[in-house]
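Here's the structure we're looking at; comments come further down.
The values are calculated or read from the model by the stated rules, or taken from the named source; none is laboratory data. Given the structure is predicted, the values throughout are model-derived calculations rather than measurements. Using ideal geometry, Cβ is built from the backbone for each residue, glycine included, and neighbour counts are taken over all protein chains shown.
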Amino acid sequence: MNDSNLSLNALEEMSRCGHERVCYHVDEETGLRALIAVHSTKLGNALGGVRRWHYANEHEALFDVLRLSEGMTWKAACAGLAMGGAKSVIMLPERGAPGTRDIAHAMGRFIDTFNGAYIGAEDVGVSPEFTDWMLEKTDHVMGGTGDGQGGDPSPHTAMGVIYGMQASLRHVGRDQFAGLTVAIQGLGSVGTYLAQFLNERGAELIVADHHDDRVQHILDTCNARGVSCEEILGVECDIMAPCALGAILDEKSIPTLKTGIICGAANNVLRDPEADAHRLSDRDILYAPDFVVNAGGLIHLAGLYLGYTLPQLEAMIARIEETTMTVFEMTKEHKTTGHAALALAKLRIEEGTAQEQVNAH
């Protein structure tokens, strides 16, 4: 496929998903290449993480940011937040390229051009330190180490997944983690916290990550065994928790699954949301939609931005369990849990927009 066709497909994807604004930025002085995609601001300014990643090409980065930003809209709506959905990506020239202060400053200046319509946050490849550096050039970033910034959202994301898992277990007639086996694919910050929380609750773990030191840490501190990244999706377990990058469940991997529940922190875990949701349903595998269960980090950071107290935020994160149960109940009226979750998000956006119109009059 040539560049013109790729560009046309990207424009078609923007139109199909209903994005409001997508910007590509190059900073010649630092070499920063970045994209910001604002999907929706119908419910409020849009908060979404800044992802640093090495992409094969700019088109791959564009499709990633489009899909991620759309997911953030549904995530915020299902979480009951008066926030829109957006995302940004920094395209690394090579894997492992360092996140320098100059690059962070350039990204901060880029974010600042949105005047608060887009609020950045920590994501894959971005540390609290990098976030603090961005904050030196813009006020529109959350997740830094300063007062009210929220710090690392990872433990809150992991706790939200715990609540999603609890709902999943309730739905299949179970009431505790003790004696269950949970497989965690990916031991980044969220996956590591999730492993610790599950270990505290008595679950047996099977874990995999490309970084051997991360695996060893969990083997040393939790009731866990490690397998290779190639094996993890095929292990026998009660719950499979994808906690790395998305698009790992598709027509090839779904038939190999030996689990009854999919519930994890990864965004966009289904390569083809329509077809793959049906594939899981056809195999009687319960899918807890990722943008419902992994909203804990967003709730924490967006809630602080909106002025909620810490006890209020803890209660909102805990409500992920009941929201997930609502999605499962709505599946009676929709084809799959994925369709039900999307219907719930769209309903909440419509209700929120209608309420704003009433208030305006």
Review point. Any idea which residue in the stretch 317-342 is farthest from C263 (Cα to Cα), counting only those that are of a type in the set (K, R) and touching a residue at least 12 places away in the same chain (Cβ under 8 Å)?
Key: K335
Practice item. From Y24, Y55, grab the single residue that is assigned to a loop (DSSP other than H, G, I, E, B) and hydroxyl-bearing (S, T, Y). Key: Y55
Point to revise | Criterion: surrounded by fewer than 24 Cβ atoms within 10 Å (Cβ to Cβ) and more than 22 Å from T324 (Cα to Cα) - qualifying residue of G148, G186, G173, G143 | key: G148
Exercise for review: Kindly check whether there is at least one residue in the stretch 29-36 that is under 23 Å from L301 (Cα atoms), in contact with a helix residue (DSSP H, G or I) (Cβ under 9 Å, 6 or more places away or on another chain) and touching a residue at least 60 places away in the same chain (Cβ under 8 Å).
Suggested key: yes
Review point. Being within 30 Å of Q196 (Cα to Cα), surrounded by fewer than 23 Cβ atoms within 10 Å (Cβ to Cβ) and either within 14 Å of the chain's Cα centre (by Cα) or among the aromatic types (F, W, Y) (or both), is that true of even one residue in the stretch 111-123?
Key: yes
**Study point:** Residues being of a type outside the set (S, T, Y), in contact with an Asp or Glu (Cβ under 9 Å, 6 or more places away or on another chain) and modelled with pLDDT of 95 or more - total across the stretch 244-261
**Key:** 7
Check your understanding: Quick check, is K87 among the basic types (K, R) and assigned to a loop (DSSP other than H, G, I, E, B)?
Key -> no
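Table: residues versus (1) outside the structural domain of Y55 (by TED's automatic domain parsing); (2) part of a helix (DSSP H, G or I); (3) farther than 30 Å from P98 by Cα.
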site	(1), (2), (3)
G146	yes, no, no
Q149	yes, no, no
I162	yes, yes, yes
F177	yes, no, yes
Exercise for review: Identify the single condition in (1) on the phi > 0 side of the Ramachandran plot; (2) surrounded by 21 or more Cβ atoms within 10 Å (Cβ to Cβ) that T131 does not satisfy, given that it satisfies every other one.
Suggested key: (1)
**Study point:** Checking G226 against (1) crowded, with 16+ Cβ neighbours inside 10 Å; (2) farther than 24 Å from Q176 by Cβ; (3) in contact (Cβ under 8 Å) with a residue 40 or more places away in the chain; (4) not basic (K, R), the condition it does not meet
**Key:** (3)
Check your understanding: On the given criteria, is A302 aliphatic (A, V, I, L, M), touching a Leu at 6+ places or on another chain (Cβ under 6 Å) and outside the structural domain of R67 (by TED's automatic domain parsing)?
Key -> yes
Check your understanding: Looking at (1) more than 21 Å from M72 (Cβ to Cβ); (2) modelled with pLDDT of 95 or more; (3) in the same structural domain as L233 (by TED's automatic domain parsing), can you tell me which one P311 breaks?
Key -> (3)
